[in-house]
Amino acid sequence: MAAHIWIIVAAVLFWNKGECQEAVLHVSNGALHKDYCLVYNSSWSNISDSLSDAVKYELVNLTYSMLCDEGTMKPGSLDGKAVAVMRGGCAFSRKAQVAQDLGAAVLLITSKEEMTTPSANHTEYGKVKIPLALMRYSDFLDAQKVFSDKMEVQLFAPPIPPFDVSIIVMLALAVFTIAMGGFWSGAVERAKQNAGPSLSGGEERADGGDVMLYSPLKVLLFVVLMCGMLVLMYFFYKWLVYVIIVIFCLASATALYSCLNALSNAVGCSKLNVSCGERSCSVRSLLLAAVCITLAVVWGVYRNEDRWIWILQDLLGVAFCLHFMKTITLSNYKICVFLLSLLLIYDVFFVFITPFLTPNGESIMVQVALGPGAGGEKGDGAVVIPADPSPSYEKLPVVMRVPRFSAWAQNLCMMQFSILGYGDIIVPGLLVAYCHRFDVWIGSNRIYFISCTIAYCVGLAVTFAVMLLSRMGQPALLYLVPFTLITSAAVALSRKEFRQFWAGTTYQVLDSSREPLIPDGEAAYPSSALKC
């Protein structure tokens, strides 16, 4: 079955190349050259797909005019040249027809406003025979500064395949986080078992700062609070976003410290305790705290530098997810099913249903995740590019972000990212963590943990495949929840351990012919499994 799924995924990933609406304006003057963003309509304007095939035109600056009529210019005065004019005054098609009458070969419309895919009435498409594209007015001023008034331009739109390496990077990042979070949770459980009798699965743990969700009412309250917070973010985004940013800086610094401290303990790094009067402090802890706080502050200061800050955000995000999965535990499979099912409904509702309820027709989930000022591709294939190449709007730091490496022309207009919400990692991750703890309880050599992790990997791959096929964002939990829940339940049924897996109790006898799940005072794993 898994082989069939991967064949389907591979076929979708390498589907035919999609049409793009962003292009490149290659400006040159001798050996000096520079590229700028263009937005065009691929069904209206025919533009070369490579620089080597693109025709070179001399650029004429008419940005002092909107070119809604010929004025004092004579027909043929722009023969074979590219002309830059100002946006406004009349329709795009009118400007193009006037430029054609004057002999222009290319029309560039400079814009001080947000740029969208240029369009016209279908009856006017056939009247325009020259390429037409929008460019930022600020980019045109920059080109004038770099090249003075003597410029030669070439227009080309490199095709963008739907599959991008960023998808593989995102998949690896998510699966790594899930696997490490689940492993860490199981390792902590094993350490507790080795230390002595633990609390039963139906009780709430307070040791080590861990919190166990064992009550359906608490789970329901948790989901209701999530819904309320998302709606508040939609209506009061520009104020609450700063609250979330501050919380993320504090939480991610704490989480990163917890991860690095656990890693230091695992590799046997010395704490280097230093006495100060009657108190002693760990030099290692101070250094780790300084590093974690510094990284969180750096992210907070440079959070809008899209070109590189995504690396630091993903690092902090991985630490945040790992710490959450280790700290918050689900007591049994029943709670796992209840929580994941509710969050599946929550995800689908806010992605697919809310577009019918919002005035702009966009889902609340997508608008909150990307920010109200975000541009990019819309559902109808059109694009929206901000007038400012470095927009100042704030984005919520609740997603993993990896730039689309093959989208060169798109990244020239604005950085394009493949994104995955923290919830799409943490929520299935809580189930993976429970599976590993159950492995510890019954000494099953990680069969539940490995199976659930593989199910998550396959489910996420299918999510990406559907996203590429439909060319629209998907609620990942729609695929991840069934894959992980069904797989873990199937493993429990096949091993005849579903009753114990459902209840999550630690000290039980599977049947009359088997030993207790965990004998008192013994490790969860065989002694051979404990050897490094």
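A few points about this structure:
- The packing ranking of peptides 41-49, 444-452, 122-130, 285-293, highest mean first, is 444-452, 41-49, 285-293, 122-130, where packing means the average number of other beta carbon atoms within 10 angstrom of each residue.
- Values of log10 I(q)/I(0) for the stretch 21-156 across q = 0.09, 0.10 Å⁻¹ run -0.22, -0.28, by the Debye formula with one identical scatterer at each alpha carbon and no solvent.
- Pairwise label distance in nanometres, VAL165 with ASP388, each label 7 Å out on the Cα-Cβ vector: 3.2 nm
- A simple spin-label model places pseudo-atoms 7 Å from Cα toward Cβ; at LYS145 and ARG495 they are separated by 6.4 nm.
- Between ARG471 and LEU221, full extension at 0.36 nm per residue minus the direct alpha carbon distance yields a gain of 86.6 nm.
- One chain, two ends: LYS129 and LYS238. Fully extended at 0.36 nm per residue, the span grows by 34.8 nm beyond their Cα-Cα distance.
- In the structure shown, the pairs LYS34/LYS150; LYS56/LYS112; LYS326/LYS395 are assessed against 23 Å; a Cα-Cα span above that value is assigned to LYS56/LYS112; LYS326/LYS395.
Since every read-out is calculated from the coordinates, none of them should be taken as a lab result. Because the structure is predicted, anything quoted here is derived from the model rather than measured. Because the Cβ atoms are built from the backbone with ideal geometry, glycine has one as well, and the counts that use them run over all protein chains shown.
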